[in-house]
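Structure record follows, encoded as structure tokens.
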Amino acid sequence: MVQTIGVIGAGQMGNGIAHVCALAAYDVKLVDIDPKRLDDALSQIHQNMGRQIKRGLITEGERTAGLARIETGKDYTLFRDCDVVVEAATENEDVKREILKQLCPNLKPNAIIASNTSSISITRLAASTDRPTKFIGMHFMNPVPVMQLVELIRGLATDEQTYATIRALSEKLGKTTAMAEDFPAFIVNRILLPMINEAVYTLYEGVGSVEAIDTAMKLGANHPMGPLELADFIGLDTCLAVMQVLYEGLADSKYRPCPLLVKYVEAGWLGKKVGRGFYDYSSGTPIPTR
């Protein structure tokens, strides 16, 4: 039975996962190497719960109780009593492997590890741990408190009990699950990221401006957000990382990252989180950069 959940990484995804777990009455241990990021995460969770209060989704009392269930720290020893630990670090396989190597000695023997990776092989990540049978992909969508889906990805060694436990946990968090096979980028990003990459190619080749491309897809395909606006929201570094996983994992030229996407990442224009990507957010009103 799951009572205590650990979360590694207090960024956008990590704080969202901590948020939904705490509201679902689980004790949460949130760990990040950067104390400022932990402070920012608690502030963000407080603010996001405030939005839920305004919409009548939760009460002020539920927010107070939820925040009280979250304990933060910099050390993996905080996870010693956790039943499940969700890794939500940056989308970089080497970084994740190093985290997993340091994490395992701090866990009780029956603890499950779930990775929030959006594209990296669960089988490979599991092989870098001491518990491949108790390792699974648990890919939340962004923003976690709002989006209903969790993709569940079984590695080659993931056992039935681990899958059943994480599926039940996802449902208790109020999420709907979709089972994906362990192939590069799974379901959502296998379909979504090539579309975003193609939108960047459309911009790169001069077929349309940022504004024209986003307007066309919002009004012509009924998408709630244009693909370039969505890329900025996801983070261009994450978009590029997923395209590289697809390109390398499937060896198909249709997944080649657009050179313009590479250039934006090289420039540090990573999207909304840094204030500039395909749009400039510095004035408060997004202004296209091309």
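Quick note: the coordinates plus some simple rules give every number you see, no bench work behind them. What you are looking at is a predicted structure, and each value in this text was computed from that prediction instead of being measured. Cβ atoms come from the backbone with ideal geometry, glycine included; neighbour counts cover every protein chain shown.
The chain: longest stretch without exposed GluC sites (Glu not before Pro) (DSSP loop, at most 12 other Cβ within 10 Å), sites themselves excluded? Let's see the in-between values first.
Working: sites that count: GLU181, GLU205.
The reported range is 1-180.
If I stretch the segment between ALA178 and MET147 completely, what's the gain in nm (0.36 nm per residue apart, minus their alpha carbon distance), one decimal? Don't skip to the end; give the middle numbers.
Working: separation 31, 0.36 × 31 = 11.16 nm, distance 1.31 nm.
Full extension of this stretch gives 9.9 nm more.
Among DSSP bridges having both ends in region 112-230, what percentage is antiparallel? Round to the nearest 5. Intermediate results must be reported in sequence, preceding the final value.
Working: 5 of 13 bridges.
Approximately 40 percent, going by the DSSP bridge assignments.
Please give, to one decimal in nm, the separation of the simple spin-label points placed at ILE191 and SER253, each 7 Å out from Cα toward the Cβ.
Result: 2.7 nm between the two label points.
So what is the relative contact order for region 147-272, in percent, with contacts set as C-alpha pairs under 8 Å and at least six apart? Can you show the working numbers first?
Working: 134 pairs, mean separation 27.9, N = 126.
Relative contact order of region 147-272: 22 percent.
For the chain, what's the relative contact order in percent, using C-alpha pairs closer than 8 Å and at least 6 residues apart? Spell out each step's value before the answer.
Working: 515 pairs, mean separation 37.2, N = 290.
Reported as a whole number, the value is 13 percent.
Under a plain spin-label model, where a point goes 7 Å from the Cα along Cα-to-Cβ, how far apart in nm are LEU219 and GLU266?
3.5
Can you say what percent of the DSSP beta bridges in the chain, counting only those with both residues inside, are antiparallel? Round to 5.
Of the beta bridges lying entirely in the chain, close to 25 percent run antiparallel.
If amide hydrogens are placed 1.01 Å from N in the peptide plane, which non-local residues have theirs closer than 5 Å to the one on TYR279?
Amide H to amide H, under 5 Å and 5 or more residues apart or across chains, TYR279 pairs with THR289.
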